[in-house]
Amino acid sequence: MQPDTEFFKDTLALVKRALAEDIGKGDMTTLACLEPFPLKGKVVAKSDGILSGIEPFMIAFEIVDSANVVGFLKKNGDAFKCGDNIAVIEGFNQTILTSERVALNFLSHLSGVATLTGKFVEKVKNGGYATKIVDTRKTIPGLRRLQKMAVLHGGGANHRMGLYDMMLIKDNHIAAAGSISKAVELMREYFQTPEFRLQFEMKEEDVQIEVEVTSEAQVKEAIGCKIKRLLLDNQSPESLKILVQLAKKLDKDVKLEASGGVTLDNVAEIALTGVDYVSIGALTHSAPASDFSLEIVEDK
């Protein structure tokens, strides 16, 4: 996923809502206590991590006052250490202080996502595995594009953006259809309908298809249906190894994804089983925020 017009449009709308939520009718404390005068500040890291969230940070200051000028000393995806200067801000005291919290909230949360992703990526990399760390749809409502961008900044990869850009046949779909084979049959019939082509503006060959499997029988059934990507959910490392070996024996080109119960302590062991991907909901729903502060720069 690359920055594009839609990404910036979504980010702008999101930052506007966040500012409206925080400022409301006005920043009464700042308006009461301060007369406007030029101010220069700097953002300082109070923890180690990987940077993400430059775009919403800058937008927050610019929306409140176009005279505010933000300059970043690092790029999205750069590592930072506690004590590093991250950015400088020049403008007026009232509007800088009014913008501060919303801007830092975005920067702290998204850098936290990138930082946690980076830790998982490093665990796999240090083990010498080619397994990719990917995100899920377990995102904070409204923040999905930004959170998935942060995963990229941390060295991870994106799974599907939503329900509309990939087909994932999960356990409930299989149960409702009656079997993997029946679900795949219904899926392929749907691909031939005018409704599919009109609604999604895609061809069958453009749709990535993945099926969740939980047993050797289901692995055989899915691969027999010519499915090229399997989701191995909530498996122990021992079970994963057995299913991976079976799947690769049946189709050496099949791609395998492990998910469920993944932690920093066991991700290397999971990668050792030979899966191509490990998807982790915690990257976006449970990442601890990075710590930054805005400090005033004294002109000498």
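Descriptive notes on the structure:
- For the chain, share of DSSP beta bridges that run antiparallel, in % to the nearest 5: 50
- With 31 Å as the limit on Cα-Cα distance, the pairs of LYS9/LYS132; LYS9/LYS226; LYS119/LYS203 that go past it are LYS9/LYS226; LYS119/LYS203.
- Surface/4 estimate of mean projected area, convex hull on alpha-carbon atoms of the stretch 122-285, nm²: 9.9
- Relative contact order, percent, the stretch 155-262 [alpha-carbon distance under 8 Å, six or more residues apart]: 23
- Antiparallel %, DSSP beta bridges [both residues in the stretch 159-300], to 5: 0
- The fewest-to-most ranking of GLU195, GLU204, GLU90 by surrounding Cβ atoms within 10 Å reads GLU195, GLU204, GLU90.
- Amide H partners (placed H, <5 Å) of LYS132, local residues excluded: TYR277, VAL278
- Ranked packing of 282-290, 243-251, 114-122, 39-47, most packed first, by mean Cβ within 10 Å: 114-122, 282-290, 39-47, 243-251
- Stretching LYS249 away from GLU295 to a fully extended chain increases their span by 10.7 nm, per 0.36 nm per residue minus the current alpha-carbon distance.
- Relative contact order, whole percent, for the chain stands at 23, derived from Cα pairs under 8 Å and 6 or more residues apart.
- Panel order for VAL124, VAL267, VAL211, by other beta carbons found within 10 Å of each beta carbon, from fewest to most: VAL124, VAL267, VAL211.
A short reminder: the numbers here are calculations on the coordinates, not readings from a lab. What you see is a predicted model, and the numbers here were worked out from it, not measured in a lab. For neighbour counting, all protein chains shown are included, and Cβ atoms are generated from backbone atoms with ideal geometry for every residue, glycine included.
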